[in-house]
Structures are given as structure tokens and as C-alpha cells.
Amino acid sequence: MVCSKCLSGPEDWEQAGSLMPAGTSLRWFQTLPSTNAAALNALDCPEGTVFAADCQESGRGRLGRSWHSPPGRNLYFSLVLYPRLCLSQWGGFSLAAGVGLAEGIAKLGLCPELKWPNDLLIRGRKLSGILLEAKAEKLVVGIGVNVNQREFPDYLVAASLSQVADKIWRRDKLLPHFVEEVFRWCKLWEGGLHQRVLSSWQQYDVLIGNKVTACRGEERIQGRAEAVGGQGELVVIGDNGIRHYFHSGEVTLDKGLRE
Ligand code: BTN
């Protein structure tokens, strides 16, 4: 766990490499097009390798969007896994990564919330995004965390650790801490502890029990979010009583209807 005393002073990325948790290692870059792309395309790359960069030129977000990745402020990193699970269970890694990151942030004394599929919010604003991408047997868990950025473009409903805790954070200390939690929770999922991951997810979930609108392509369902299931899917009971299973897509909490 990171202690607040260790969080001042200049960043040292060589030392960050030596602080990486067991089973992981760090490849740090000043600039990459995208840490996910680098991790997906790397040939010689054992499980636990983390690609991280100070800045991304074409950071990738969900649903073909881009991820705002200016230099010197935030964390952008991608963890390589080779899951020994059948493909139908890979969706759970998205939940496990979300829980790991939420735990890492909660251990800093903050109150994160998770919004399916894997947005991490703080005070209703987006602090972090997670993008899972796969190539053959490799699964890349890509994570962006807003750390020291104080201003965001108007179109983003975003927040940073620095804004909520009113201090500057050392990204080189935060990275090993977040990787430890994310790797640990992904391994729990891989080890079959699905119920443990799902119930931890529930503790942070902002949607379950609330009125939502869920969209998948042209389809738009209004109803109540009922649960997140064992394959990472969101279950929504439509206003007409029919149950819908979302394995991908987007969901918004209907304003004023949070119960
Ligand atoms: C989202 O749209 O919410 C997911 C954003 C994921 C961004 C991270 S930053 C590190 C990694 N590399 C990328 O290109 N994207 C992910």
C-alpha cells in the first residue's frame, strides 16, 4: 500500500520498476501511440508485463473513442495476461480489473464507484477508464487514471485524484500500487473466485437497483439494473418486465431516479 509520506518528491521510474509487485514487470516509455497497442503487438512479453507511458498520442477508449492522454499528469498503462480460462469467462476480467482499481483507490482514503461495464467514478465524475483488448491467447487490461490533471476539456465529465484529494500525487508510486490490486483481482477471477469478485463489484456499483437506460447499437432499453452476472453482463429488467442481458454497450443512470 502507498503511504502518504512517500508521495512527495520527483518521480523515479527506474525505482518504480523495482517496486512492481511479484509476477509483474514494468516497461516505461516517454511516449507511445497507445499502451494497449504496444502490449497487444509485443512479441516477447510474459504475463504480468506492464506497458506504461507518460503520454499517448492515440490513446484508445471504449466504443472506438479516443482517450485524452496529455503528458506529465496521468497514468496510462496496460497489463498483459494469458488467461487459462475459456473465452466465455474472459468478460469477468473487466469486472475484476474494475474491482482491483476501486480497491486501490479506496486504499488511498477515497470513495470510488463503479459503473458497468468498467468506468470508475468519483463524486459522479469519471476518474478512470478501463479497456480490455485481446489478441489470440493474450488479454490486455488497459487503464487510464486521471492523477494530477486539474483542468479537462468541457466535453469530458472527468475528475482527477488531485482534484478530489487536493494534492499532487507521485505517479511512480501509484502505478505499482494499482498494478498490485488489479493483478491480484484478475488472478482471483482466473482462479475461479467469481462470487468474490462479483460481490466486491456490488459494493462499489452505482447502477444496481436504479432506473437506467441501456443502449446497444440501435437498441435502447429503459428499466431497472438488476445485477451484474458471472460473464460480466449487465442484467436490466425493462419497464415492460422483460429481462435483457447486456454483454456490451453503454448505460446511463436516469437522472433523479437514483434510489
Ligand atoms: C474508456 O473509454 O473508458 C476506456 C479508456 C481506457 C484508456 C486506457 S489508457 C491506457 C490504455 N491504452 C489505451 O490506448 N487505452 C487504455
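The values are calculated or read from the model by the stated rules, or taken from the named source; none is laboratory data. Please read these numbers as outputs of a predicted model, since none were measured by experiment. We place every Cβ from the backbone using ideal geometry, glycine too, and count neighbours over all the protein chains shown.
Observations, loosely collected:
- Evaluation of residue 89 against (1) under 23 Å from residue 149 (Cα atoms); (2) of a type outside the set (A, V, I, L, M); (3) touching a Phe, Trp or Tyr at 6+ places or on another chain (Cβ under 9 Å) (one fails), failing number: (1)
- Options 30, 89; residue that is surrounded by fewer than 19 Cβ atoms within 10 Å (Cβ to Cβ) and either at pLDDT 95 or above or under 14 Å from residue 142 (Cβ atoms) (or both): 30
- Residue, nearest to the chain's Cα centre (by Cα), within the stretch 192-215, restricted to residues that are of a type in the set (Gly, Ala, Ser) and crowded, with 18+ Cβ neighbours inside 10 Å: 200
- Boolean, residue 182 is at pLDDT 95 or above, within 14 Å of the ligand (Cβ to nearest atom) and in a helix (DSSP H, G or I): yes
- Residue selected from the stretch 54-69 under the condition near the ligand (Cβ under 6 Å from one of its atoms) and either among the hydrophobic types (A, V, I, L, M, F, W, C) or surrounded by fewer than 18 Cβ atoms within 10 Å (Cβ to Cβ) (or both), by the criterion farthest from the chain's Cα centre (by Cα): 65
- Any hit, the stretch 149-168, residues being aliphatic (A, V, I, L, M), in a strand (DSSP E or B), at pLDDT 95 or above and surrounded by 21 or more Cβ atoms within 10 Å (Cβ to Cβ): no
- Failed condition for residue 220, given (1) closer than 26 Å to residue 74 by Cβ; (2) surrounded by fewer than 20 Cβ atoms within 10 Å (Cβ to Cβ): (1)
- Count - residues of the stretch 15-27 that are closer than 15 Å to residue 141 by Cα and touching a Leu at 6+ places or on another chain (Cβ under 8 Å): 2
- Only one entry in 131, 81 is in contact (Cβ under 8 Å) with a residue 40 or more places away in the chain, within 16 Å of the ligand (Cβ to nearest atom) and farther than 28 Å from residue 215 by Cα, namely 81.
- Looking across the stretch 111-128 at every residue that is among the hydrophobic types (A, V, I, L, M, F, W, C) and within 17 Å of residue 250 (Cβ to Cβ), the one that is nearest to the ligand (Cβ to nearest atom) is identified as 120.
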